[in-house]
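Report on one structure; see the data block that follows.
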Amino acid sequence: MTLLPPPLPAAVLALLGESAANVEYSIDHREGVQGITVPLRGDVGTALARVAAAAGLPGTWLFTVQRLVAAMLPNAILLRIDTDGRRIGALTAYLRFPQEPAAPALQALLGATSRLRVRSDTVAALAQALGCPGARGLGIRTDADGGERLAVYFRVERDVHGFGAAALQQLAGALGWPEDACAPIARDLRALHPGGSVGVIGVDVADDGDIAALKCDPANVPLARALPFLQQQGASPERIDTCLSLCRALRARTLSYVGVKYDRSGLAGWRLYFSYRPHGAARNGQPALLIDTPGTAALRMPHY
């Protein structure tokens with residue numbers, strides 16, 4: 001027998017209702033901060049409005065997301081809530097396109113629904129470099145300052161071991177980064193990735209429409225790959241211990257995702273994702289008998 005991790009904040013789960021049946025739980029380098037990501041179904045507008053009201057964050061994030069949902073008609077929506085257990089510090093909506101739009105169509109969509117911008121030529125160059133028809137999804141984030149930040153995601157079918165020098169040089173050119181800036185990305189993907197296609201690659205967009213950072217989300221990463229990677233990247237012993245504790249509690253040998261972020265200077269951040277069913281978790285102090293399984297099932301991000 002083992003103890004499950006503490007239940008997620010009850011107030012947050014109550015806000016999410018049936019959506020909280022499947023939760024993607026995430027941590028990064030910040031002590032005490034957790035991400036809670038759920039798929040939204042049914043009356044999405046009401047769910048978004050309820051969470052936005054509870055968060056009390058300034059700005060027009062809810063209006064922007066609602067307009068994008070109406071215009072995109074996304075075939076999958078995820079909502080991520082970042083919380084310290086007492087208050088909501090940030091909200092992110094992930095919207096997946098039914099079909100990848102060409103770069104001009106994406107620019108037109110953003111122009112018609114929001115103040116968010118990304119350079120059309122940059123999106124086109126990234127899609128070409130990554131070998132995909134266009135953006136697979138969008139992320140719209142807000143936090144305590146009330147600003148809105150855009151991320152654009154691409155589904156990359158190319159095999160991770162074929163993601164070589166020529167592809168990296170083309171990717172660096174699309175980003176406007178030095179040619180050698182993408183070399184650590186290929187090295188880290190090969191270190192983390194069990195094999196198969198690259199999966200999702202995203203970009204954070206700056207206020208002026210330029211690319212601020214590039215993000216990769218290798219899925220189903222074995223713990224034996226993830227922990228040495230974090231240690232090599234300077235993760236604190238406390239965060240490593242937290243990850244180990246969660247994996248032991250969930251009997252997980254794999255992580256649903258390892259998110260890694262890069263800017264032109266190198267690694268700029270990481271996030272670990274675990275998927276589980278919080279309503280099936282034991283209350284604090286109560287043991288739970290768990291059946292050992294090969295790992296937690298990945299809750300696919302909506303840009304897949």
Relative contact order of the chain (C-alpha contacts under 8 Å, at least 6 apart) in percent is 22 percent
Give me the one-decimal nm value for the distance between modelled label points at Asn75 and Ala53, 7 Å along each residue's Cα-to-Cβ direction. 3.3 nm
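Using only C-alpha atoms and all pairs of different ones, pull out the Kirkwood radius for the chain in Å with one decimal. Before the final figure, lay out the partial values.
Details: mean 1/r = 0.0504 Å⁻¹.
For the chain, inverting the mean 1/r across all distinct Cα pairs yields 19.9 Å.
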Given 5 Å bins starting at zero, what is the percent of C-alpha pairs of the range 95-230 in each, up to the one with the largest pair distance? 2, 10, 20, 22, 18, 14, 9, 4, 1, 0
Where labels lie 7 Å past Cα in the beta-carbon direction, separation of Arg117 and Ser265 in nm: 2.6 nm
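A short reminder: the numbers here are calculations on the coordinates, not readings from a lab. Fair warning: this is a prediction, and the values are worked out from it, not measured in the lab. Neighbour counts are summed over all protein chains in view; Cβ atoms, including those assigned to glycine, are modelled from backbone coordinates with ideal geometry.
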